[in-house]
Structure formats: C-alpha cells, structure tokens
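*Asks:* Got a structure for you, written out below as structure tokens; questions coming shortly.
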Amino acid sequence: MVGLQLARRWAGREGVQLIVLGSGPHPPCKDIEYVRLAPQKEELVRLSELGYARFCDEFAEASIEFLEKNLARLPPGQSCVVLNDISEGPDAGRLAAAGYPVVSIWHVDVVDFFNKMYLHGLVAPRRWTRAYDRVAALGLSGTVPRVLRLVFEKQRQAVAHSRLLVLPSSQMAETVRDCYGHLFRGMVDPWSSRLMVLPWGGWSEQIAEDEVERQAAGIRQHHRIGPDTRVLMTLSRLSPGKGHPLLLKALQLLERRPDRPKDLCLFLCGEPAFMRSGAYTREVRAAAERLKSFRVFFPGYLCPAKKQAFFRVSELFVSPSVHESYGLSIVEALRAGLPVLASDHSGADEILSPQFSRVVPYNGQAGGWLSFSGRRGDIPKRLAESLASMLADPARLREMGRAAKAAGERMSFDDAARRLQNAALGLLSRQPEPSPAR
C-alpha cells in the first residue's frame, strides 16, 4: 500500500520521469509508465515459502535485466532506484555496481521478523547477522537455502549498498545499527547520511458521507449490532506475526470475567498474506470458534468505503501484533476517530499517546520467548485486562476517540512522500560515500 500511494503522489511531478516495475496485472494509477515483470500463474498468497523465494529471485533478476536493456534511457548518473521491498527487489549491490544510487524502503526488518516468528526471539538479531557474515566470509553463502538468503543476504546488501535506508520507526533504526554496525568499522559516522526515519502517517479517501453511512447501517443490521453491543475491530493481513490468536485467547479470558460485556463482537478484517497464510487462517478461525458467547466475523478485504463503514460501527481498534514495523492501519483508525489498544511494537512510540491509546507490553518474558500462538506467557491476560478496563468506561472511550481523530489528522502521508522523493532526487547531485568492503 505504501508503494501504491507513493507512486500516485510522485506521478506527474514536472521534470521527473517515474517508472514503476511490478509483478501485478494493474498499474498503481493512470497515466504512469508501468512495467510488469515476473508474472505468476498462481496468486502470491498461495505460494509456499520456497515458491515465494523463487518468485523473489525471478522478479529481482527481471528488474536487473530491464535496467540493463534501458541504460541509454535510464543513465545511472541521472536515475535513482527506489526499492519498495528488499526481499523481492533487485540486489542493491548489483545496482550500486552499475552506478545507480539506491534508496531502500524498509517495511519489515526481515532478520528481526524471522528471528521472532521462527526462532522465538531466543537470540539477539545481531548474533544472526554476524553469524551469516562469518559464513559468507568463508565463501559458503551459496550453500545457504534460498529462503535464508532472502532473509540475510538481500538485507545485508541493502545496508551495504543503499545510499539511503528509509525506516518507519526509530526503534527499527536502532536495530539496524545494532545488527550492521560492524560493516562500517573505521568509518566516521556512517549512519547520519544513510538512515532516514520516516513515519508514514496516513491518507484520506474521498468517499461520500451518505455512502459510508449506508454501508454502516447495513453492517449493523446484518451482524445484529444493537445499542448495547460492544464492537472491536482489527485490520491487517491474516499472517503470522499479526497476533490474532493472542487477541482471541484474550477474549476467551474476558468471557470468564464477571465484568464481561453481555454482547461483544469482533471484526477481524483483512485477507490472507504471503506464505503460511492458509495454515494461519485456519488456526485463527479455530480459535474464534472456541469462543462461547462473543461473536467473531471475518469480513475479508475492505474497499475504502467499506473500511470507513467498519470504522464507524466500531468503538475500539485493536492491534495485537507480535511484530509490526510501523502501523498504517493504526493511523487509519486514529484518523477515523477510534481509540487504539496495541502491542508495544516498533512503530507504537512513533504513533501512540496515552490520550487516545493504551499499549500492552509483549516483551520481557522469561528466556526471551515471544509467542504469537498464545500458548506461552501471559500476553493474553494482559490484553484481556486492558480490554476490560477500556470497555468499562464508554465515555472515556469516546473522549479518546476525539483525541485520536485530532492526532491522526496531523499524521500526513503527503508530507512523508514529498520528503522521500526530494531525498531520493537529492542523491543524484551528491557524491556517493564509500561502501563497506564485501
């Protein structure tokens, strides 16, 4: 979504030619040069980890081939390459070797995500990056499975060869410094010109008020939402790391409390994501079925009008993610006037305030374990207690919602897009700084 919104705002700037390389069948907007590369017969959400890794390699290679065939039209001294995804995008080292200044946008720190989701956070991320570097120094990186090369090698290349790393939160930037500082030994202040912390903010869709209210009325009628129904909402892809099972386990605990709401429904909005989406979605649905009185619905993908309608019928937005680099959906909820209950993920400090939100700490469990399945730790208990406390005071929730809307309106995606485009274009007039040796 960030890539789509950036393309729409960058298109048409006088004196700047924008070319978008992608794999999907449709361009991000009209009147833009769009080149489709590595189209897949199967939907990406249905690919396995190995299938997704294979797609990433195909798209990366096709991107390099496109640039090689268009060197005369896109000379490196006058062209900047912006990578909207590190794993799927072309190798930053090859781009830099060809003379292109590279800007890499980090939506996910893949090493940190891999460490939490697959290795339960048992070891600090910097241990993994340095272990991989030792393997690479021995000339053995070719023996590493393709999926792990996507995790470690592509990200390492992005750090080493990007002229600008764009990260959505200060916490994420600190993790990157910690993981890759050893690459820049002997260099004076290598980060100040390379790192750009850029919280994305949010955007508004032009939707007629009567259409939003019409759809909201339909939602209330279809799902039997009455004046006393307490309505919660999440909005994210259905993928490991988003913490849906933790929230559902918390609702199980809330059902047992004497102060539980008599009627509560939860909308788990969003569609399956890449990799493991089928198994994860089945796990989430099974957890929802274990609830005895609370109701859970899966509306799927929401178009802009329907999304605003679901925001309107809800009174609290919940973001239970184990790993979140920023939180675009949180900003959307704030702009719609919803208070937020969220985990202490990387973007929380950039977005949230006690005036309109509550943050539940996930970290600090014995042994460093993090559990997105909810089978370990007391995260569901913390979520349940916070839900009970917030729902117990509807007047306070409404007050928080007003503060949320005011705060969300100050978070402008337009400003972020303008800053990033100016920074990328500015690289064309700057001499490149030395990159660390391979």
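*Asks:* Checking the structure you have, find out if any residue of the range 108-122 is loosely packed, with under 15 Cβ neighbours inside 10 Å, of a type in the set (A, V, I, L, M), at pLDDT below 95 and out of contact with any strand residue (DSSP E or B) (no Cβ under 8 Å at 6 or more places or on another chain). Reasoning before the result, please.
*Replies:* Going residue by residue through the range 108-122, those that are loosely packed, with under 15 Cβ neighbours inside 10 Å are 118-119, 122.
Filter again for of a type in the set (A, V, I, L, M), leaving 119, 122.
Filter once more, keeping what is at pLDDT below 95: 119, 122.
Add one more test, that the residue is out of contact with any strand residue (DSSP E or B) (no Cβ under 8 Å at 6 or more places or on another chain), and what stays is 119, 122.
There is at least one residue in the range 108-122 that is loosely packed, with under 15 Cβ neighbours inside 10 Å, of a type in the set (A, V, I, L, M), at pLDDT below 95 and out of contact with any strand residue (DSSP E or B) (no Cβ under 8 Å at 6 or more places or on another chain).
*Asks:* Inside the range 1-39, can you point out the residues that are in a loop (DSSP other than H, G, I, E, B) and in contact with a helix residue (DSSP H, G or I) (Cβ under 6 Å, 6 or more places away or on another chain)?
*Replies:* Residues satisfying the conditions are Leu18, Ser23, Pro28, Cys29, Leu37, Ala38.
*Asks:* Given the criterion out of contact with any Asp or Glu (no Cβ under 9 Å at 6 or more places or on another chain), in the same structural domain as Leu18 (by TED's automatic domain parsing), more than 25 Å from Trp10 (Cα to Cα) and in contact (Cβ under 8 Å) with a residue 24 or more places away in the chain, identify the matching residue among Arg134, Arg126, Arg130.
*Replies:* Criteria check complete, one pass: Arg130.
*Asks:* Name the single residue, out of those in the range 41-53 being without any contact (Cβ under 8 Å) to a residue 40 or more places away in the chain and exposed (fewer than 14 other Cβ atoms within 10 Å of the Cβ), that is nearest to Tyr280 (Cα to Cα).
*Replies:* Among residues in the range 41-53 that are without any contact (Cβ under 8 Å) to a residue 40 or more places away in the chain and exposed (fewer than 14 other Cβ atoms within 10 Å of the Cβ), the one nearest to Tyr280 (Cα to Cα) is Glu43.
*Asks:* While we're looking at this one, here's another question. On the basis of being closer than 19 Å to Gly89 by Cβ, modelled with pLDDT of 85 or more and of a type outside the set (Lys, Arg), does Leu164 make the cut?
*Replies:* Details: closer than 19 Å to Gly89 by Cβ: yes; modelled with pLDDT of 85 or more: yes; of a type outside the set (Lys, Arg): yes.
When the stated conditions are applied, Leu164 passes them.
*Asks:* Which ones in the range 9-30 are among the hydroxyl-bearing types (Ser, Thr, Tyr) and closer than 23 Å to Trp203 by Cα?
*Replies:* Going through the range 9-30, the residues among the hydroxyl-bearing types (Ser, Thr, Tyr) turn out to be 23.
Matches in the range 9-30: none.
*Asks:* Within the range 180-188, is even one residue surrounded by fewer than 19 Cβ atoms within 10 Å (Cβ to Cβ), assigned to a loop (DSSP other than H, G, I, E, B), aliphatic (A, V, I, L, M) and touching a residue at least 60 places away in the same chain (Cβ under 8 Å)?
*Replies:* Within the range 180-188, one or more residues are surrounded by fewer than 19 Cβ atoms within 10 Å (Cβ to Cβ), assigned to a loop (DSSP other than H, G, I, E, B), aliphatic (A, V, I, L, M) and touching a residue at least 60 places away in the same chain (Cβ under 8 Å).
*Asks:* Over 22 Å from Gly408 (Cα atoms), under 20 Å from the mean Cα position of the chain (by Cα) and hydroxyl-bearing (Ser, Thr, Tyr) - does that describe any residue in the range 290-311?
*Replies:* The answer is yes; a qualifying residue exists.
*Asks:* Scan the range 218-252 for residues that are within 23 Å of Ser386 (Cα to Cα) and either among the basic types (Lys, Arg) or free of Cβ contacts under 8 Å to residues at least 12 places away in the same chain (or both) and jot them down.
*Replies:* Pro227, Arg230, Lys242, Lys249
*Asks:* With the condition kept exactly as written, say whether any residue in the range 201-212 is of a type in the set (A, V, I, L, M, F, W, C), surrounded by 12 or more Cβ atoms within 10 Å (Cβ to Cβ) and part of a loop (DSSP other than H, G, I, E, B).
*Replies:* Looking through the range 201-212, at least one residue is of a type in the set (A, V, I, L, M, F, W, C), surrounded by 12 or more Cβ atoms within 10 Å (Cβ to Cβ) and part of a loop (DSSP other than H, G, I, E, B).
*Asks:* Based on this model, can you work out whether Gly226 counts as in the same structural domain as Pro320 (by TED's automatic domain parsing), farther than 21 Å from Val359 by Cα and crowded, with 20+ Cβ neighbours inside 10 Å?
*Replies:* For Gly226, the condition - in the same structural domain as Pro320 (by TED's automatic domain parsing), farther than 21 Å from Val359 by Cα and crowded, with 20+ Cβ neighbours inside 10 Å - is not met.
*Asks:* Could you pull out the residue among Ser329, Ser321, Ser314, Ser343 that is more than 17 Å from the chain's Cα centre (by Cα) and under 25 Å from Glu385 (Cβ atoms)?
*Replies:* Ser314
*Asks:* List the number of the failed condition for Val103; all other conditions in (1) hydrophobic (A, V, I, L, M, F, W, C); (2) touching a strand residue (DSSP E or B) at 6+ places or on another chain (Cβ under 9 Å); (3) over 23 Å from Met172 (Cα atoms) hold.
*Replies:* (3)
*Asks:* Additional query: For the range 54-83, name all the residues that are of a type in the set (Gly, Ala, Ser), within 11 Å of Ala38 (Cα to Cα) and surrounded by fewer than 20 Cβ atoms within 10 Å (Cβ to Cβ).
*Replies:* Ala62
The values are calculated or read from the model by the stated rules, or taken from the named source; none is laboratory data. Computed from a predicted structure; not experimentally measured. When we count neighbours, we look across all protein chains shown, and the Cβ atoms used for this are built from the backbone with ideal geometry, even at glycine.
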